[in-house]
Amino acid sequence: MPELLISNYDKTPRIDVSSAAGDCVSGWSRIEDRLRKDVVNSGSARTVMVVECYPGVNVSELSQMLKAGLSPSCVYHVAEAMLSPVEVGRLTAPFAGGEDPVFGYVTDLAMPDFFNEQRLSEMRAEIETIHAGLVLLIGCGARLIHPGDILIYADLARWEAQLRFRRDESSNLGMENHSTPAALQYKHAFFIDWRVADRWKASMIQNWDYLLDSHRAESPKLVTGEALRFGLRQAVRRPFRVVPFFDPAPWGGQWMRESFDLDAGSRNFGWCFDCVPEENSLLLGFDGELVEIPSLDVVLSHPQDLLGEAVHAMFGAEFPIRFDLLDTMGGGNLSFQVHPLVDYIKEHFGMSYTQDESYYIIDAEDDGFVYLGLKEDVDPEAMISDLIEAEAGGAEFPVDRHACRWPARKHDHFLIPAGTVHCSGANSMVLEISATPYIFTFKMWDWGRLGLDGKPRHVHMEHGLANIQWDRREQWVRNELINALEPVASGDEWREESTGLHSSEFIETRRHWFTGKVHHHTLGGVNVLNLVQGREAIVESPDGAFEPFVIHFAETFIVPAAVGDYTIRPHGDAIGTECATLKASVRI
């Protein structure tokens, strides 16, 4: 393994929010005290408290705690008004992907579709007959029954929801399937539950009286809606990082474990998702209390400030750029794969754009490599035959007979437009920059290995073969996709290069080398950057609009469109050395 730059990589980045004492309370006893006072201060004989929940929140546990602490006169679990699990299964079947273990179709269902309207009406009528005491409504969709005199939103990041699937602790929306394999629960959530819940959540963020951080049952946090919304507004006016999460992989390596001081008990770490706002968390600090929320809440609440007007018009309230790290150092090859073309992903999966991407090499052994594109003399029929035979258990797929293998060195940049066959090889540390539809990888060959669960990994040959662009061959790849560098500008202490992505992709990447201060501007669109060389740098506002923000080697950070001007320069031990950032933005 190359000599490691041991990073001071921050695994728990936070945004400290200017707030008053009491804006956030922690622990069930203090939370219950706060809510009891609100009930008393309401001055009403009857108070309706609505606790709306994101899918994956442990509603039963939450209900028990609130009943014990608040002694409501009656409690309504909104799940009792839902369609039966069998009916929900029929409702969601067109989007669930049938027997396909990975893919479904993005739903257009809404939260009310999951409920029996007659039962909702009965619950509403029952509540109107109650004239005194505390009425507690709880669950996903609780606000369908009553808007709430006190509205609490129990929130949860998608990554934590996934972990609960893995621990058999959670079912899909309206289902009773906690023992279903986690991969199938994830698929159902990706295409159905989270789409429904995010649209429902976005409609009420401005009405929350409180947000309940329900990530850790032993340390719940309750923050006022006003303080939470103020924190979200602060987030889109400064650079910030989301909370990275790490996961092992069948091909995973050891670089991140050693560089980032990760858990020594895990066999490897293949992934670091350090900018996937749909799934990451965001940590907000309120007067000494740290509140974890889904970073998606920033996207849903302030899409134009975060993304910029033009990007928001293109993608809606979705964050279109993803950065993650792939560690194969001391590990194995990724699968031989291809991503879907735009028309294909729209027709088959209901996505509006596809997973174009690139590999930026931040470290590699001398034998590091990438498969990218096809040999000039490739015979499509022969390659298809070899793939099918290998998948059927015959001879291994002779990848070097059909695909181009390129050496991968530190700071190389390989562009991968959809439809191009590719595979990162062993002994590389890759910064993957891509569009956000991040599960649409069509594996065609996986080296005959098993997944972490001891079972064969799923191969989607039919999808893959339908998307291969057979004219993406060696000479074209060399000219178009490998280190497509163009000088852009330079100064006394910096130089800027365009490194891609390919003209068919909507993401533009720029690399800045610098020993002094570099001036940047968001130009009306969101910027995503990673410090790809140098131990530490500092991001500053020329007019003091935000507090100086320190970043470290291999960290990804977001600069919202609303920030406008900002500068980056070496900091700390990196002063006097050459640093480099890679910046991605949407071509407008």
Original post:
Which members of segment 52-69 meet the condition of being touching a helix residue (DSSP H, G or I) at 6+ places or on another chain (Cβ under 6 Å), of a type outside the set (Ser, Thr, Tyr) and open to solvent by less than 50 Å² (accessible area, probe 1.4 Å)?
Top reply: Glu52, Cys53, Pro55, Gly56, Gly69
**OP:** Tally the residues that are part of a loop (DSSP other than H, G, I, E, B) and either modelled with pLDDT under 95 or open to solvent by less than 50 Å² (accessible area, probe 1.4 Å) (or both), restricting the search to segment 217-237.
**Re:** 5
**OP:** Quick one: in segment 324-373, of everything that is of a type in the set (Gly, Ala, Ser), over 24 Å from Val532 (Cβ atoms) and open to solvent by 10 Å² or more (accessible area, probe 1.4 Å), which residue is modelled with the highest pLDDT?
**Re:** Gly350
Original post:
Taking Phe319 and the conditions (1) open to solvent by less than 40 Å² (accessible area, probe 1.4 Å); (2) farther than 30 Å from Pro542 by Cα; (3) part of a loop (DSSP other than H, G, I, E, B), which numbered condition does it fall short on, given that it satisfies the others?
Top reply: (2)
**OP:** Of the numbered conditions (1) farther than 30 Å from Val563 by Cα; (2) modelled with pLDDT of 95 or more; (3) touching a helix residue (DSSP H, G or I) at 6+ places or on another chain (Cβ under 8 Å), Phe190 fails exactly one; give the number of that condition.
**Re:** (3)
**OP:** Please identify the pairs in which a residue from segment 216-235 that is under 12 Å from Ser301 (Cα atoms) has its Cβ atom under 9 Å from the Cβ atom of a residue that is surrounded by 17 or more Cβ atoms within 10 Å (Cβ to Cβ) and small (Gly, Ala, Ser), counting only partners at least 6 apart or on another chain.
**Re:** Arg229/Ser301; Phe230/Ser19; Gly231/Ser19; Leu232/Ser301; Arg233/Ser301; Ala235/Ser295
**OP:** Determine if segment 263-270 includes at least one residue that is modelled with pLDDT under 95 and either touching a His at 6+ places or on another chain (Cβ under 7 Å) or of a type in the set (A, V, I, L, M) (or both).
**Re:** yes
Original post:
Can you find even one residue in segment 540-548 that is open to solvent by less than 30 Å² (accessible area, probe 1.4 Å), under 14 Å from Ala584 (Cβ atoms) and assigned to a loop (DSSP other than H, G, I, E, B)?
Top reply: no
**OP:** Please find, within segment 282-292, the residue that is farthest from the chain's Cα centre (by Cα) out of those that are in contact (Cβ under 8 Å) with a residue 60 or more places away in the chain and surrounded by fewer than 17 Cβ atoms within 10 Å (Cβ to Cβ).
**Re:** Asp287
Subject >> Failed criterion for Glu279 (all others in (1) at negative phi; (2) open to solvent by 20 Å² or more (accessible area, probe 1.4 Å); (3) of a type in the set (D, E, K, R) hold) >> reply: (2)
**OP:** Mind listing whichever residues of segment 85-103 are in contact with a helix residue (DSSP H, G or I) (Cβ under 7 Å, 6 or more places away or on another chain) and in a loop (DSSP other than H, G, I, E, B)?
**Re:** Gly97, Pro101, Val102, Phe103
**OP:** Filter segment 107-148 down to residues that are within 28 Å of the chain's Cα centre (by Cα), surrounded by 17 or more Cβ atoms within 10 Å (Cβ to Cβ) and either of a type in the set (Asp, Glu) or in a loop (DSSP other than H, G, I, E, B) (or both), then give me how many there are.
**Re:** 4
**OP:** Among what's in segment 453-474 and is touching a Pro at 6+ places or on another chain (Cβ under 6 Å) and assigned to a loop (DSSP other than H, G, I, E, B), pick the residue that is surrounded by the most Cβ atoms within 10 Å (Cβ to Cβ).
**Re:** His458
Original post:
How many residues does segment 479-492 contain that are in a helix (DSSP H, G or I) and either loosely packed, with under 15 Cβ neighbours inside 10 Å or touching a helix residue (DSSP H, G or I) at 6+ places or on another chain (Cβ under 6 Å) (or both)?
Top reply: 1
Original post:
Taking Ala584, is it surrounded by 20 or more Cβ atoms within 10 Å (Cβ to Cβ) and either at pLDDT 95 or above or in contact with an Asp or Glu (Cβ under 8 Å, 6 or more places away or on another chain) (or both)?
Top reply: yes
Subject >> Close pairs (6 angstrom Cβ cut-off, 6 or more residues apart or separate chains): within 18 Å of Arg401 (Cβ to Cβ) and among the small types (Gly, Ala, Ser) in segment 468-480, open to solvent by less than 50 Å² (accessible area, probe 1.4 Å) and not in a helix (DSSP H, G or I) anywhere >> reply: none
**OP:** Could you tell me whether segment 253-273 includes any residue that is buried (at least 20 other Cβ atoms within 10 Å of the Cβ) and closer than 29 Å to Gly544 by Cα?
**Re:** no
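The values are calculated or read from the model by the stated rules, or taken from the named source; none is laboratory data. On a predicted model such as this, the values are computed, not experimentally measured, just so you know. Quick reminder, even Gly has a Cβ in these numbers, built from the backbone with ideal geometry, and neighbours come from all protein chains shown. Ligands, DNA and RNA are stripped out before the accessible areas are found, and what is left, the full protein with its side chains, is counted by its heavy atoms. Shrake-Rupley method; radii C 1.70, N 1.55, O 1.52, S 1.80 Å.
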